[in-house]
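Written out below as structure tokens is the structure these notes cover.
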Amino acid sequence: MAKENHFGNMVYIHDLDSYAVGMHNCLTIPFDDLLANGFNTRQTDVRPANSINTAFQLVAVLFQLQSLQQFGGVAASHLDWTMVPYVRKSFYKHFLKGLKYCETEAVSALEEGARNDYLSKLNGNLPIDSELYKAPFTRAYKYAMDQTENETHQAVEGMYHNLNTLQSRSGNQLPFTSVNYGTCTLPEGRMVIRALLEVSIEGLGKLHKTSIFPC
């Protein structure tokens, strides 16, 4: 039916000229799996992401790698949800530093058994609004929150700058990239959404130019 409609000038198949060399057009990249499990390229393998900064760097890398293998656009279908685990991993690392540098006396005041029991319950998968973080050590929590927000903002800036300086296989053309977000109401997802919006509004470079991609 599609073939008949095409020959009858009823429809035009998008990027038809690319079909002759067996190339497909447009897809959604499975970022959840690739970031969680790592991936292989022709030259090397890439380890799973363990921070929000690394996760956004790898998103830009994956966007370009895929765009070099096809025509048309590539997309992230739910970037806010995808980034939740990596916000948590970064927050956990910052919180441990906060315990070390902001809560030295409070941590030392705990009995060794209580201290070890508390630390054993912390891990990089805890939500950033977990009571394990919030209740005992407020200064460490505030430090971790500030540092994670800054890291997330800088990570998004890095992705935007990468996507607007890389090239696709089409020559002097940026990788046609799209990101969908806005449905995650978790604090981690909201942090990512806020950073994506802020960086979009701020623009790129010293002249704060409007970002061409991602859409």
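Around the amide H of Ser178, modelled in the peptide plane, lie the amide H atoms of Val74, Ala75, Ala76, Cys215, all under 5 Å away and 5 or more residues distant in sequence or on another chain. Karplus-derived 3J(HN,Hα) values for region 209-214, using 6.51 cos²θ - 1.76 cosθ + 1.60 with θ = phi - 60°, are 5, 5, 5, 6, 10, x Hz; glycine and proline are entered as x. A Gaussian network model of the chain, with springs between Cα atoms under 10 Å, assigns the largest mean-square fluctuation among Asn53, Asn164, Asn40 to Asn40. The orientation-averaged projection of the convex hull spanning the C-alpha atoms of the chain amounts to 16.2 square nanometres. For region 127-200 and region 22-90, what is the separation of their C-alpha centers, rounded to whole Å? The two parts, judged by their Cα centres, are 14 Å apart.
For the pair Val11 and Leu96, label points projected 7 Å from Cα toward Cβ lie 5.4 nm apart.
Once whole DSSP H runs in the chain are found, which of them have Cα atoms spread over 15 Å or more along the helix axis and a mean Kyte-Doolittle score of at least -1.0? Can you show the working numbers first?
Working: long enough: 52-67 (23 Å, 1.12); 84-102 (26 Å, -0.31); 138-163 (38 Å, -1.23); 187-202 (22 Å, 0.40).
Membrane-span-like by this rule: 52-67, 84-102, 187-202.
For region 67-130, with all protein chains present and a 1.4 Å probe, just round the carbon and sulfur fraction of the accessible area to a whole percent. Answer for region 67-130 is 54 percent, counting heavy atoms of protein chains only. A full extension of the chain between Ala114 and Arg194 corresponds to an added length of 25.1 nm, given 0.36 nm per residue minus the alpha carbon distance.
Using alpha-carbon pairs under 8 Å, 6+ residues apart, how would you state the relative contact order of the chain in percent? Averaging sequence separation for qualifying contacts and normalising by length gives 25 percent for the chain. Lysine pair count for the chain with Cα-Cα distance under 20 Å and sequence separation of 8 or more or different chains is 17. Sorted largest first, the spans of the alpha carbon positions of region 87-195 along the three principal axes are 63, 27, 19 Å.
Spin-label model, Thr138 to Thr183: label points 7 Å out along the Cα-to-beta-carbon direction sit 3.8 nm apart.
Please give the length that would be gained between Leu122 and Gln173 if that part of the chain were fully extended, namely 0.36 nm times their separation in residues minus their C-alpha to C-alpha distance (nm, one decimal). Walk me through the numbers before you get to the answer.
Working: separation 51, 0.36 × 51 = 18.36 nm, distance 4.53 nm.
Result: 13.8 nm gained on full extension.
The values are calculated or read from the model by the stated rules, or taken from the named source; none is laboratory data. For clarity, every value in this text was computed on a predicted model and none was experimentally measured. Note that we place each Cβ from the backbone using ideal geometry, even for glycine, and neighbour counts take in every protein chain shown. These area figures cover heavy atoms from the full protein model, side chains too; ligands, DNA and RNA do not enter into them. Shrake-Rupley method; radii C 1.70, N 1.55, O 1.52, S 1.80 Å.
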